[in-house]
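Below is one structure, written out as C-alpha cells, with a few remarks after it.
The values are calculated or read from the model by the stated rules, or taken from the named source; none is laboratory data. What you see is a predicted model, and the numbers here were worked out from it, not measured in a lab. No Cβ is skipped: glycine too gets one built from the backbone with ideal geometry, and neighbour counts run over all protein chains shown.
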C-alpha cells in the first residue's frame, strides 16, 4: 500500500515538472514574440516618421517663380530665358546650386545643372543679350535682392534671384515667336516647380518680353 502511494506521488511530481517546463517554454516564446513585435513597431514608426518628413519636404521646400522674361535678339528671337525666383512660403533654405532644371523645348530636352557667373557676366546680362554662358547644360544664378550675400542659397523670404538659361546653347538655336519651353525645377529636397515659358507671337521692336 505504501509503495503504491509513493508511486502515485512520484507520477504527480513528474507531471508537475513537465507542466512547469511547458509553461516556462510558453513564457519564453511569448517574450520573444513580444520583443519582435516591439522592434517591428519601432522600426515601422521610424520609417513612417522619415517618410512623412521627406514627403513634407517635397511639398513645402519648393521654389516659387515670381516672373519670367526673355532677351530678344536683333533677329527677333529669344536667346535667354530668365526667371525671377523666391523661396516658397514655409520652405527651408534652398541651395540653387544643388537644384536641377529639366528643359523641354521645341528643339531639345535636357537636364540643366548650376553653372557659374562672374561679375562681368552679370553686368552684361542686366544690360541685354550680351551675356554668354559657357555651358549649354548649365543655368546660372545671380541675385536681385540679397541682404546677406547668400547667393545661390535662398535663405530669406525677401531674397530674389535670377535663374538664367541660354536657349541657343541648350537647344542649338534661339526660340522663335510663339514657341514654348517647359521648365521643371527640382530642389535638393525633391520638391518640383513647373513653369511654362511662352514666347509672344510677335517680337517686333522688342528688347525683352515677358514669357
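Any chance you could count how many residues in region 192-211 are over 30 Å from residue 88 (Cα atoms) and surrounded by 15 or more Cβ atoms within 10 Å (Cβ to Cβ)?
Counting residues in region 192-211 that are over 30 Å from residue 88 (Cα atoms) and surrounded by 15 or more Cβ atoms within 10 Å (Cβ to Cβ) gives 1.
Can residue 71 be described as in the same structural domain as residue 172 (by TED's automatic domain parsing), more than 23 Å from the chain's Cα centre (by Cα) and closer than 30 Å to residue 157 by Cβ?
Yes, satisfied.
Would you please name the residue that is surrounded by the fewest Cβ atoms within 10 Å (Cβ to Cβ), looking only at residues in region 155-177 that are more than 28 Å from residue 88 (Cβ to Cβ) and in contact with a strand residue (DSSP E or B) (Cβ under 6 Å, 6 or more places away or on another chain)?
Only one residue tops the list, namely 168.
Within region 191-202, how many residues are closer than 15 Å to residue 96 by Cβ and either at pLDDT below 95 or more than 19 Å from the chain's Cα centre (by Cα) (or both)?
3
Tell me the strands (runs of 3 or more DSSP E) entirely within region 75-190 that contain at least 2 residues that are under 25 Å from the mean Cα position of the chain (by Cα), closer than 17 Å to residue 209 by Cβ and modelled with pLDDT of 90 or more.
Numbers: elements: 78-87, 100-104, 109-114, 138-145, 160-166, 180-186.
Passing ranges, in order: 78-87, 160-166, 180-186.
With the structure loaded, tell me whether residue 65 is surrounded by 10 or more Cβ atoms within 10 Å (Cβ to Cβ), modelled with pLDDT of 70 or more and on the phi < 0 side of the Ramachandran plot or whether it fails that test. If you could, list the steps in order and put the result at the bottom.
Values: surrounded by 10 or more Cβ atoms within 10 Å (Cβ to Cβ): yes; modelled with pLDDT of 70 or more: yes; on the phi < 0 side of the Ramachandran plot: yes.
Yes.
Looking for whichever is assigned by TED's automatic domain parsing to the domain that holds residue 115, surrounded by fewer than 14 Cβ atoms within 10 Å (Cβ to Cβ) and in contact with a strand residue (DSSP E or B) (Cβ under 9 Å, 6 or more places away or on another chain) here; the options are 180, 186. Which one fits?
Matching residue, one of 180, 186: 180.
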